[in-house]
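Quick notes on the structure that follows.
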Amino acid sequence: MIPVAKVAKPRDFYTRVKVPGNAWLASHPTARRPPSLWAPYTPALSEGFANLCGYAAMHDPTGGTVDHFLSFKHHRDLAFEWSNYRFASAPLNSSKRDADNTVLDPFEVGGGWFEIILPSLQMRLTDAVPPALRAKAEFTLKRLKLRDGERIVRWRRSWYRLYTEGELTLDGLRKVAPLLAAAVEAHKQVGP
């Protein structure tokens, strides 16, 4: 995970999503899933996250999803709140499910809190994580399988392979996988 700034709400979000969404909530008090009125705004959210999954800190070539940070299951009233949306890859959004704020919010992550280890491509915490948030950060790594989950390591490996085979520059790697680029740079400084 890397720091992400809050994304400005699109101008017409209130009239196109919040108002009709809240009306839907009032008329469907027992529904298990809300209509995805927010879907047209996924590109704007993605752009605000520099097209990087808020949890994996990598570009998701599948387009990503809108994660309700506080889930519909526990916070129905936030289903159509822009401030509750995070950009995430679908598998990580599915892993998170209704974990809500037991995982780190991408908006609360500080610089240098996480790093990628070469050559294993595993993610770990650094000493920069504040002591009060270390347990939550560890839980986030475990719940979302960010440390060493097979899918996430394969995803990192695909970007790393493009870089090592010369198909992606270091600048390009910084855009699609900034933590991986930082690991490459640190590895170069230390040497083989």
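The values are calculated or read from the model by the stated rules, or taken from the named source; none is laboratory data. Since we're looking at a predicted model, the values are computed, not measured. Note that we place each Cβ from the backbone using ideal geometry, even for glycine, and neighbour counts take in every protein chain shown.
Below are the figures for this structure:
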{"read-out": "Those residues of region 26-55 which are loosely packed, with under 13 Cβ neighbours inside 10 Å and either assigned to a loop (DSSP other than H, G, I, E, B) or among the charged types (D, E, K, R) (or both), in sequence order", "value": "PRO29, THR30, ARG32, ARG33, GLU47"}
{"read-out": "Those strands (runs of 3 or more DSSP E) lying entirely in region 77-157 with at least 2 residues in contact with a strand residue (DSSP E or B) (Cβ under 9 Å, 6 or more places away or on another chain) and not hydrophobic (A, V, I, L, M, F, W, C)", "value": "85-88, 122-125"}
{"read-out": "The lone exception for ARG151 - which of (1) assigned by TED's automatic domain parsing to the domain that holds ARG174; (2) out of contact with any Lys or Arg (no Cβ under 6 Å at 6 or more places or on another chain); (3) at pLDDT 95 or above it fails", "value": "(3)"}
{"read-out": "Selection within region 56-109 - surrounded by fewer than 20 Cβ atoms within 10 Å (Cβ to Cβ) and of a type in the set (D, E, K, R)", "value": "LYS73, ARG76, ASP77, GLU81, ARG97, ASP98, ASP100, ASP105, GLU108"}
{"read-out": "Pairs where the first residue, in region 88-99, is in the same structural domain as ILE152 (by TED's automatic domain parsing) and the second is modelled with pLDDT under 95 and not in a loop (DSSP other than H, G, I, E, B), C-beta under 6 Å, 6+ apart", "value": "none"}
{"read-out": "Qualifying residue in region 11-22 (condition: in a loop (DSSP other than H, G, I, E, B) and among the small types (Gly, Ala, Ser))", "value": "no"}
